[in-house]
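K.L.:
Before I ask anything, let me first share the structure, which is written out below as structure tokens.
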Amino acid sequence: MELEVVAKALKELGHPTRLSIYKSVVKAGYQGIAVGSIQEQLAIPGSTLSHHISSLASAGLLSQRREGRTLFCVAEYQCLAGVIEFLQAECCSDERC
């Protein structure tokens, strides 16, 4: 994963509200979670939630799908794994045994 992509993902996750949203989305699994459920859990206005979801989506951390009138957020686990892998890739590589 490229440095710029990882930096953008970490920047978006660095905001407490976005991190809380992302945690809810990740916990929901592959079926995702309805935006209304996130709003209920976090007790934030819809416009604020929409803004934060857009930021997370632009970083590739989540996607959205519509089922009827319900909008679901789904974690992009591959992106999450890439960020974690990037951070762990050279763990302790400069350490001498």
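The values are calculated or read from the model by the stated rules, or taken from the named source; none is laboratory data. Given the structure is predicted, the values throughout are model-derived calculations rather than measurements. Don't worry about glycine lacking a Cβ; one is built from the backbone with ideal geometry, like all the others, and counts go over all protein chains shown. The protein model used for the area step is the full one, side chains on, heavy atoms only, and it has no ligands, DNA or RNA in it. Shrake-Rupley method; radii C 1.70, N 1.55, O 1.52, S 1.80 Å.
K.L.:
Given (1) farther than 22 Å from A89 by Cβ; (2) assigned to a helix (DSSP H, G or I); (3) aliphatic (A, V, I, L, M), identify the lone condition not met by A9.
P.N.:
(1)
K.L.:
Okay, moving on. Looking at segment 32-46, can you tell me whether even one residue there is closer than 24 Å to V5 by Cβ, open to solvent by 30 Å² or more (accessible area, probe 1.4 Å) and either aliphatic (A, V, I, L, M) or out of contact with any strand residue (DSSP E or B) (no Cβ under 6 Å at 6 or more places or on another chain) (or both)?
P.N.:
Within segment 32-46, not a single residue is closer than 24 Å to V5 by Cβ, open to solvent by 30 Å² or more (accessible area, probe 1.4 Å) and either aliphatic (A, V, I, L, M) or out of contact with any strand residue (DSSP E or B) (no Cβ under 6 Å at 6 or more places or on another chain) (or both).
K.L.:
Before we move on, is S24 open to solvent by less than 80 Å² (accessible area, probe 1.4 Å), in contact (Cβ under 8 Å) with a residue 12 or more places away in the chain and outside any strand (DSSP E or B)?
P.N.:
yes
K.L.:
Also, quick follow-up: Give the residues of segment 19-31 that are touching a strand residue (DSSP E or B) at 6+ places or on another chain (Cβ under 9 Å) and of a type outside the set (K, R), sorted by residue number.
P.N.:
Passing the criteria: I21, Y22, S24, V25, V26, A28, G29, Y30, Q31.
K.L.:
Mind listing whichever residues of segment 11-24 are of a type in the set (A, V, I, L, M) and within 12 Å of G60 (Cβ to Cβ)?
P.N.:
Within segment 11-24, just L13 meets the criteria.
K.L.:
Among what's in segment 75-97 and is surrounded by fewer than 17 Cβ atoms within 10 Å (Cβ to Cβ) and either touching a strand residue (DSSP E or B) at 6+ places or on another chain (Cβ under 6 Å) or polar (S, T, N, Q) (or both), pick the residue that is farthest from E2 (Cα to Cα).
P.N.:
The qualifying residue farthest from E2 (Cα to Cα) is S93.
K.L.:
Name the single residue, out of those in segment 64-97 being without any contact (Cβ under 8 Å) to a residue 40 or more places away in the chain and of a type in the set (D, E), that is nearest to K27 (Cα to Cα).
P.N.:
E76
K.L.:
Every residue in segment 4-19 that is free of Cβ contacts under 8 Å to residues at least 60 places away in the same chain and open to solvent by 50 Å² or more (accessible area, probe 1.4 Å), please.
P.N.:
Once the filter is applied, which keeps residues that are free of Cβ contacts under 8 Å to residues at least 60 places away in the same chain and open to solvent by 50 Å² or more (accessible area, probe 1.4 Å), segment 4-19 yields E4, A7, K8, K11, G14, H15, P16, L19.
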